[in-house]
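Undergrad: Please see the structure below; I have some questions.
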Amino acid sequence: MNRMLEKGFRPIDTLHKPDGTPWSFKEKMMLGLSPQEYWAAQLRNPFNWILAAIFAVGTPIIVGRFIFGLGWATHGSYDYPWGLLLGWGLFVMVPLSASGFMMGTTVELFGRKDFKPIERLGLLNGLLGYFFAVVFLQVDLGQPWRLIYPMFVSLGPAAVLFLVAWHVATYLSVQIAELIPAVSEWMGWPKAKRFIKQIVIGLTVAGIILSTLHQGALGALFTYAPGKVHPLWYSSAFQWFHFLCSAIFAGLSMLIVVSTLTKWFMRWRCDETFLKSLDRLTVGIAKGAALALVTYLVIKFIGVAHDNDWKYLFSGWGQWFMFEIALGVIVPLVLFTSAVRNNNATTARWAALFAVLGIALNRLNTSLVTFNWNLYQEIPHWREFVITITVYATYILVYRAVLARLPILFTWKDKS
Amino acid sequence: MTTNNTNRSGKLFVAMMIGLGVMIGAWAMGAILFSLSQVNWQVSELLRSYLVATGAIGEFQTLVDFYSHIKGVEYLICLAFLVAFPAFFKYVNRPQEKTVAVRR
């Protein structure tokens, strides 16, 4: 598509064609191209062939999981209730989706309108991350029609999972509402946008409350398993705080990573405002991430000091812990600080990549690698890997499809 | 007329709040000075008596026992962070110059 732009292709960014007639829904879905041109462009893209190969292998295995049960697809057991599906799909994807409430707060509450060009990307990253976390959860739980059970039918108000279920459901609704303005511009429904504008402060405040609570609640889930998680990754007093604080820089770093990828691979869809402000915004976000990282680093060691776990640092697990801290916290902290001091967006992008990898490693360590550290180590079933890759590929596909159509990376030209 | 009334009530509210604050401040100051006079003007002894009174430490324990009890290293990390964070905040908040990035 980037090459087509050079040849004169102009993607749809208004409700009406140059002759004044409105674009039809089909034309908008086809990005203003004819069906032949659209499918030819899709077939030319090598990434689509990779996605097709993943779906060809993965879809039958996902169907098989629902037909033959969880035991066919995973090594899940009473010892290891959370495999790769939740370790990656829930515990990694949710913190990486914290960009939604971070950007909503920055723009709508703190009044930093200079971050407006990247706000919708932050919101979309949050919405899709949460939505696909629920998809992963559904693949793990099975029986999707019973999704409402923990909330309405079989209530467990004393359980952390009850709180997580309600928070994720309500926060997803809030995020959908926050993105309605983009949909309303694209569909030509100005009333919906006006309505959301009236309640945007309420939505943002609700987003902060729900998001901070359940990011912490995901950490609190591990207090169900004292003694199972290795002491260096477990702190009964600070677990919720570790998860909440790390979600702040994780969401911001993921936003930097995603915005960089869109700048490279979807330049055709970005407008000048987005492209011109991206480096400045990246450094601005890096500043927030650096402050969250230094706080996280300190509370991690306060957790170690509180439980007097210093002796574990000299064990093999301790080396692994220090590797995670070095790769996922200290390296990005140094790079983010350097990026801010030198106003260097490229350094901030490297830092964000390290921070994203670091947070993924931390969550997988907590939920999978160090889980049952005194027993045996579980290697996820190969089908679990395939299902995880397939669902994540679907996430990327949907993400790209939304970015290509809705006004997320560009400003809609109609005044509605 | 309405604006005048609003201004007057606003001023009255501020005056009441200041008055209340002064009263509470005077009471707190009086209480601290009286307590200090009871312990021969030793601030650390006053703090120890407060911790004994609230049940945080036993009668026989000292302040050193107390911060050892709440784990000295943890306490020192927190204290260091309280100093380091504002310094770090200031360090990353220096005035902006032109942002640079490698062109692709």
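Bear in mind that the values in this text are calculations on the coordinates, not laboratory data. Remember, it's a predicted structure, so these values are computed and weren't measured experimentally. A quick note on method: Cβ atoms are made from the backbone with ideal geometry, for glycine too, and the neighbour counts reach across all protein chains shown.
Undergrad: Counting only helical runs of four or more DSSP H residues, what would the 222 nm mean residue ellipticity of the protein assembly as shown come to if each run contributes -39,500 (n - 2.57) and the total is spread over all its residues?
TA: Details: 22 runs with 351 residues, N = 520.
Counting only the DSSP helices, I get -22500 deg cm²/dmol.
Undergrad: I would also like to ask the following. Is the shape of region A:1-146 best called rounded, prolate or oblate, per the rule: a/c under 1.5 gives rounded, else a/b larger than b/c gives prolate, else oblate, with a ≥ b ≥ c the square roots of the Cα gyration tensor eigenvalues?
TA: Oblate is the answer for region A:1-146, as a/c is 1.5 or above yet b/c matches or exceeds a/b.
Undergrad: Take the alpha-carbon centre of region A:79-128, take the same for region A:205-224, and report the distance between them in whole Å.
TA: 13 Å
Undergrad: Could I ask something else about it? For region A:282-416, compute Rg over Rh where Rg is the Cα radius of gyration and Rh is the Kirkwood radius from the inverse mean 1/r over Cα pairs.
TA: 1.08
Undergrad: Where a Cα-Cα gap under 20 Å defines reach, which lysines qualify for residue A:413, not counting those fewer than 8 residues away within the same chain?
TA: By straight Cα distance, residue A:413 reaches A:17, A:26, A:28, A:113, A:116, A:191, A:193, A:197, A:276.
Undergrad: Decide, for region A:1-44, between rounded, prolate and oblate: order the square roots of the alpha carbon gyration tensor eigenvalues as a ≥ b ≥ c, take rounded if a/c falls under 1.5, and otherwise choose prolate if a/b is larger than b/c, else oblate.
TA: Working: a/c = 2.73, a/b = 1.51, b/c = 1.81.
Here region A:1-44 falls in the oblate category.
Undergrad: Related question: Search the structure for amide H atoms under 5 Å from the amide H of residue A:229, placed 1.01 Å from N in the peptide plane, and list their residues when 5 or more places away or on another chain.
TA: When sequence neighbours closer than 5 places are left aside, the close amide H contacts are A:372.
Undergrad: Within 10 Å of each candidate Cβ there may be at most 16 other Cβ atoms; applying that plus a DSSP loop requirement, which trypsin sites (Lys or Arg not before Pro) in region A:1-63 survive?
TA: Answer by residue number: A:7.
Undergrad: Once the Cα atoms of helix A:331-342 and of chain A are each reduced to a long axis, what angle between those two axes, in degrees from 0 to 90 to the nearest 10, is obtained?
TA: The angle comes out at about 40 degrees.
Undergrad: Roughly what angle does helix A:239-265 make with the longest principal axis of chain A, taking Cα atoms, 0 to 90 degrees, to the nearest 10?
TA: 30 degrees
Undergrad: Next question, about the same structure. Once you place label points 7 Å from the Cα toward the Cβ at residue A:27 and residue A:55, how far apart are they in nm?
TA: 2.6 nm
Undergrad: At a Cα cut-off below 23 Å, give the lysines reachable from residue A:300, other chains included and same-chain residues fewer than 8 away excluded.
TA: Output for residue A:300: A:228, A:287, A:311, B:71, B:90.
Undergrad: What shape does chain A have by the C-alpha gyration tensor, where a ≥ b ≥ c are the square roots of the eigenvalues, rounded means a/c under 1.5, and otherwise prolate means a/b greater than b/c and oblate the rest?
TA: Prolate is the answer for chain A, as a/c is 1.5 or above and a/b outweighs b/c.
Undergrad: Among B:16, B:82, A:81, whose Cα projects farthest towards the positive end of the dipole of the protein assembly as shown, with charges put on the beta-carbon of Lys, Arg (+1) and Asp, Glu (-1)?
TA: B:16
Undergrad: Along the Cα→Cβ direction, 7 angstrom out, place labels at residue B:20 and residue A:112. What is the inter-label distance in nm?
TA: For residue B:20 paired with residue A:112, the spin-label model returns 3.5 nm.
Undergrad: Continuing with this model, one more query. Test of understanding: extend the Cα→C-beta vector of residue B:28 to 7 Å, then name every residue of region B:39-59 with backbone N under 19 Å from that spot.
TA: Within reach of a label on residue B:28: B:43-44, B:46-48, B:50-51, B:54.
Undergrad: Between A:164, A:294, A:398, find the one with the highest GNM mean-square fluctuation for chain A; connect C-alpha pairs within less than 10 Å.
TA: Per the Cα network of chain A with a 10 Å cutoff, A:398 tops the list.
Undergrad: Now, a different point. Would you mind checking the tilt of helix A:382-405 against the longest principal axis of the Cα atoms of chain A, expressed as 0 to 90 degrees and rounded to 10?
TA: Once rounded, one gets 30 degrees.
Undergrad: Enter the Cα centre distance for the pair region A:1-72 and region A:348-416, rounded to the nearest angstrom.
TA: Cα centroid of region A:1-72 versus Cα centroid of region A:348-416: 21 Å apart.
Undergrad: Then there's this: Check residue A:414: other-chain or 5+ apart residues with amide H under 5 Å from its amide H, H built from backbone geometry?
TA: Result for residue A:414 returns A:15.
Undergrad: Given all pairs of different Cα atoms, what value in angstroms does the Kirkwood hydrodynamic radius of region A:202-270 take?
TA: 14.2 Å is the Kirkwood radius here.
Undergrad: Using the Cα centre as the reference, give the magnitude of the dipole from point charges on the C-beta atoms of region A:45-405 (Lys, Arg: +1; Asp, Glu: -1; all else neutral), rounded to the nearest 20 debye.
TA: Value, rounded to 20: 980 debye.
Undergrad: Rank the residues A:30, B:16, A:187, A:103 as a footprinting-exposure proxy: fewest other Cβ atoms within 10 Å of their Cβ go first.
TA: Ranking A:30, B:16, A:187, A:103 by Cβ neighbours within 10 Å, fewest first, gives B:16, A:187, A:30, A:103.
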